[in-house]
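Enquirer: A single structure is presented below for examination.
FYI, it's all coordinate maths here, none of it is from the lab. Because the structure is predicted, anything quoted here is derived from the model rather than measured. Cβ placement follows ideal geometry from the backbone for every residue including glycine, while neighbour counts extend to all protein chains displayed.
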Amino acid sequence: MKLSDFKYKINEKLIAQFPLKERDKSRLMVVNREEKNISMGTFWDILNYLNEGDCLVVNETKVFSARLKGIKEKTDAEVEIFLLRELENNLWEVLVKPARKVRIGNKLIVNEGVTCDVIDNTVSGGRVVRFNYDGDFYELIERIGKSPLPPYIKREPVPEDRQWYQTIFARVRGAVAAPTAGLHFTHRLIDEIERKGVKVVPILLHVGLGTFRPVVVEDLTRHRMDSEYYEVSEESANIINSAKEKGNKVMAVGTTVVRALESTVTSDGHLKPSKGWTDKFIYPPYEFKTIDMLITNFHQPCSTLLMLVSAFASRDLIFKAYRKAIKEKFRFYSYGDAMLII
């Protein structure tokens with residue numbers, strides 16, 4: 001398939017700028033792959049698709065306040081520093097804006113005694129910087145940084161975003177974007193799911209900015225994903241393997257879960273404990289080996305996320321669902337409504 005196969009138009013008014021107050025009350029579109037039909041309800045309805053012995057696989061990654069404001073030492077020009085990942089002690093890969101004004105050798109002054117020296121450029125157009133500070137770096141940036149909201153949220157982050165843009169499963173700090181399918185869950189919904197005898201199984205994939213990086217090549221085989229760190233523990237792998245052997249189903253909460261699981265599965269569909277970096281790019285056609293159902297949000301045109309869900313259902317069925325979602329005024333993207341593909 002080609003990049004142009006994944007284009008669609010959307011009214012910007014449908015792009016959610018704020019989450020609902022009650023996360024589990026978002027709208028839900030259910031896409032049935034076998035029957036090729038589409039139905040609608042609320043997110044709470046996922047209970048109807050889970051049975052005793054099934055697995056709900058969630059991502060435990062935790063978003064940190066990756067957006068910093070700074071100034072150039074000699075000119076006082078304002079600069080935004082977006083933290084991507086720590087390369088080693090105090091050395092970070094970052095994006096800077098405006099990039100044309102930040103060169104190797106510049107010093108950027110952030111806040112509370114935090115500065116950084118620009119020491120290199122990256123292949124993807126970012127910078128490598130070395131931070132200078134006293135104390136715990138993550139404690140500092142939680143005070144002085146802002147939530148790393150996606151670029152399609154056309155407003156400044158507010159203090160509430162620190163909670164809004166975080167799932168209830170968040171435990172391990174390291175993501176610069178939320179695994180947004182998990183944002184719909186509440187503790188009361190998880191209690192009901194566990195009461196049905198469903199196993200909530202954690203994995204880890206630290207979402208990077210590449211989740212928003214557009215595909216720019218028409219030939220999808222030439223696109224390269226940014227690497228993201230993942231972990232699938234022995235306990236989680238064993239629980240999922242056992243469920244599948246017994247004929248139970250696996251529901252993945254989000255594309256990040258799918259990519260982590262598919263990065264560690266063997267050719268016969270057996271999950272093995274694993275951790276490391278994955279750049280797995282899933283697009284049609286693709287044979288999934290680990291999951292039976294997928295919870296996801298509505299994704300941007302030409303995004304790798306839209307390609308993954310199109311591989312799980314089919315491009316035609318997913319685009320039929322998107323046309324219906326637009327007609328029915330569903331809320332799109334990170335703070336928007338949800339889709340369940342069964």
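Enquirer: With n ≥ 4 as the cut-off for DSSP H runs, can you work out [θ] at 222 nm for the chain, using -39500 (n - 2.57) per run divided by the number of residues, rounded to the nearest 500?
Expert: Working: 7 runs with 63 residues, N = 342.
Value at 222 nm, helices only: -5000 deg cm²/dmol.
Enquirer: Fewest Cβ neighbours within 10 Å first, please rank 307, 293 accordingly.
Expert: 293, 307
Enquirer: Now for a separate question. Divide the volume of the convex hull of the Cα atoms of the stretch 167-275 by its number of residues and quote the answer in cubic angstrom per residue.
Expert: 124
Enquirer: Can you work out the FRET efficiency for the pair residue 37 and residue 187, with r the C-beta to C-beta distance and R0 = 35 Å, to the nearest 0.05?
Expert: 0.65
Enquirer: Which of 14, 140 has the fewest other C-beta atoms within 10 Å, and how do the rest follow up to the most?
Expert: Values: 14 16, 140 20.
If I rank by nearby Cβ atoms, fewest first, I get 14, 140.
Enquirer: Where a ≥ b ≥ c are the square roots of the eigenvalues of the C-alpha gyration tensor, would you call the stretch 67-144 rounded, which needs a/c under 1.5, or, failing that, prolate if a/b is larger than b/c, or oblate?
Expert: Oblate is the answer for the stretch 67-144, as a/c is 1.5 or above yet b/c matches or exceeds a/b.
Enquirer: Sorted from fewest to most neighbouring beta carbons within 10 Å, what does the list 114, 172 look like? Show your work: numbers first, answer last.
Expert: Details: 114 22, 172 15.
So the residues, fewest neighbours to most, are 172, 114.
Enquirer: Would you tally the net charge around residue 200, using a Cβ to Cβ cut-off of less than 12 Å, leaving residue 200 out, and scoring K and R as +1, D and E as -1?
Expert: Surrounding charge for residue 200 is -2.
Enquirer: Follow-up question, since we're still on this one. Each label point is 7 Å from the Cα along the Cα-to-Cβ direction; what then is the distance between the points at residue 342 and residue 80, in nm?
Expert: Label-label distance for residue 342 and residue 80, simple model: 4.0 nm.
Enquirer: Give the Cα extents of the chain along the principal axes, in whole Å, largest first.
Expert: Ordered largest first, the chain gives principal extents of 64, 43, 41 Å.
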